[in-house]
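Engineer: Below are the structure tokens for one structure; questions will follow.
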Amino acid sequence: MRGSVDVETARPLIESAFRQRDLLKDPRHEEAVLVAIEALDRGEIRVAQPDLQPGPQPSVETGTAVETGAAAETGAAAEATDAAPVWTVNAWVKEAILLYFAIRKVEPSEAGPLSFCDKVPIKRDLAQAGVRVVPPGTVRYGAYLERGVIVMPGYVNIGARVGSGTMVDTWATVGSCAQIGRDVHLAGGVGIGGVLEPPGARPVIVEDGAFIGSRVVIVEGVYIGKEAVVGAGVVLTSSTVILDVTGPTPIERRGWIPARSVVIPGTRAKRFPAGEFQVPCALIIGQRNASTDRKVSLESALRDFGVPA
């Protein structure tokens, strides 16, 4: 806590300053921003958290409540009738991050032999936090890493949260505000997109135990369910068609992968004025074996379905 402002009193000050930027000239409003980012860095607050009660999904574009699932463009696939778990987005925390950029100045800094020039410093006290970061891996101040996280030469941006036991592998990127669960493996070159605006937009969410294969790209608030396996090269955006082809009829959804699903890249035909062409999609081709533990199940899933890591 700084001065007379704590996290509870910081929220209304941040919300008002976000709507009226001149208020940042008031030291108390600026202090509120600094208090919030400190709390975010310590893991005391977070950009988003799961709801206890099931219900409609937040819209990626607006943060308002809508049901997930979409009708197939061609009518060839059935619409998904299930829905991903709901996460609540704390828009005021994202507003604090945006205001932090506004009040900070670009400054030079150093970390060992490395030099930086940025508005946001790097995260400190990693050893005390029980976090391993391999040079030249970078974690920005305002990101929270639980004990046991390993960051190879990758990048974790402000507002992100990474759970214990998770590996952020070489050249993997965890974008601003992304929520990564425990015991997740983000393989080499994975791109987890960040989102700050609009403040109500849902960030990318990867639940506990998921395996995200090499060069996978996940952006625009896509949700990855618990213990899902996403094979190398899959690209998931809010509009990517996700086809479950494990049954006699394909089932289509957008924006989320159910728990324990095994996913690979695919294509499907789509007609344009110039003719019919193959466009990218994602294919759910099976599920992890529930009879084995998490590690064996992952290895089995990769082997049984021929999914590259």
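Engineer: Determine which member of the set GLU146, GLU110, GLU79 is modelled with pLDDT of 95 or more and of a type in the set (Asp, Glu).
Structural biologist: GLU146
Engineer: May I pose another question? State which residue is nearest to VAL86 (Cα to Cα) when the search covers only segment 32-52 and only residues that are out of contact with any strand residue (DSSP E or B) (no Cβ under 8 Å at 6 or more places or on another chain) and modelled with pLDDT of 95 or more.
Structural biologist: Here the residue is ILE45.
Engineer: I've got another one for you. Do we find a residue being in contact (Cβ under 8 Å) with a residue 12 or more places away in the chain and touching a helix residue (DSSP H, G or I) at 6+ places or on another chain (Cβ under 9 Å) anywhere in segment 162-175?
Structural biologist: no
Engineer: Give the residue, chosen from ILE122, ILE158, that is hydrophobic (A, V, I, L, M, F, W, C) and modelled with pLDDT under 95.
Structural biologist: When all the criteria are applied, what remains is ILE122.
Engineer: Which count do you get for residues in segment 100-109 that are exposed (fewer than 10 other Cβ atoms within 10 Å of the Cβ) and either in a strand (DSSP E or B) or basic (Lys, Arg) (or both)?
Structural biologist: Total satisfying the criteria: 2.
Engineer: Let me ask something additional. Report the residue count in segment 1-19 for those that are farther than 10 Å from HIS29 by Cβ and modelled with pLDDT under 95.
Structural biologist: 8
Engineer: I would also like to ask the following. Counting only residues that are out of contact with any Ser or Thr (no Cβ under 7 Å at 6 or more places or on another chain) and in a loop (DSSP other than H, G, I, E, B), which one in segment 200-212 is farthest from GLY154 (Cα to Cα)?
Structural biologist: ALA201
Engineer: Let me ask something else. Can you pull out the residues in segment 115-142 that are of a type in the set (Gly, Ala, Ser) and either surrounded by 15 or more Cβ atoms within 10 Å (Cβ to Cβ) or at negative phi (or both)?
Structural biologist: Within segment 115-142, SER115, ALA127, ALA129, GLY137, GLY142 qualify.
Engineer: Kindly list the number of the only condition in (1) in a loop (DSSP other than H, G, I, E, B); (2) out of contact with any Leu (no Cβ under 7 Å at 6 or more places or on another chain); (3) modelled with pLDDT of 85 or more that fails for GLY63.
Structural biologist: Failing condition for GLY63: (3).
Engineer: With respect to ARG271, is the statement that it is crowded, with 19+ Cβ neighbours inside 10 Å and either among the basic types (Lys, Arg) or free of Cβ contacts under 8 Å to residues at least 24 places away in the same chain (or both) true?
Structural biologist: no
Engineer: Follow-up. Which is surrounded by fewer than 21 Cβ atoms within 10 Å (Cβ to Cβ) and of a type outside the set (S, T, N, Q), of VAL195, VAL219, VAL204?
Structural biologist: On inspection, the qualifying residue turns out to be VAL219.
Engineer: Here's a check for you: in segment 205-221, which residue that is farther than 24 Å from ARG11 by Cβ and hydrophobic (A, V, I, L, M, F, W, C) is nearest to the chain's Cα centre (by Cα)?
Structural biologist: Out of the qualifying residues, it is VAL206.
Engineer: If ARG288 satisfies all but one of (1) closer than 21 Å to GLY165 by Cβ; (2) modelled with pLDDT of 90 or more, what's the number of the condition it fails?
Structural biologist: Evaluating ARG288 over (1) closer than 21 Å to GLY165 by Cβ; (2) modelled with pLDDT of 90 or more leaves (2) as the failure.
Engineer: Ok, one more. Could you grab me the full set of residues in segment 213-256 that are in contact (Cβ under 8 Å) with a residue 40 or more places away in the chain, under 15 Å from ALA178 (Cα atoms) and not in a loop (DSSP other than H, G, I, E, B)?
Structural biologist: TYR223, LEU236, TRP256 - these are the residues of segment 213-256 that are in contact (Cβ under 8 Å) with a residue 40 or more places away in the chain, under 15 Å from ALA178 (Cα atoms) and not in a loop (DSSP other than H, G, I, E, B).
Engineer: Here are the criteria: (1) under 30 Å from ASP26 (Cα atoms); (2) under 15 Å from the mean Cα position of the chain (by Cα). Tell me which single one ILE122 does not satisfy.
Structural biologist: ILE122 satisfies every listed condition except (2).
Engineer: When segment 178-208 is examined, which residues are found to be of a type in the set (Gly, Ala, Ser), more than 18 Å from VAL86 (Cα to Cα) and touching a residue at least 60 places away in the same chain (Cβ under 8 Å)?
Structural biologist: ALA187
The values are calculated or read from the model by the stated rules, or taken from the named source; none is laboratory data. On a predicted model such as this, the values are computed, not experimentally measured, just so you know. For neighbour counting, all protein chains shown are included, and Cβ atoms are generated from backbone atoms with ideal geometry for every residue, glycine included.
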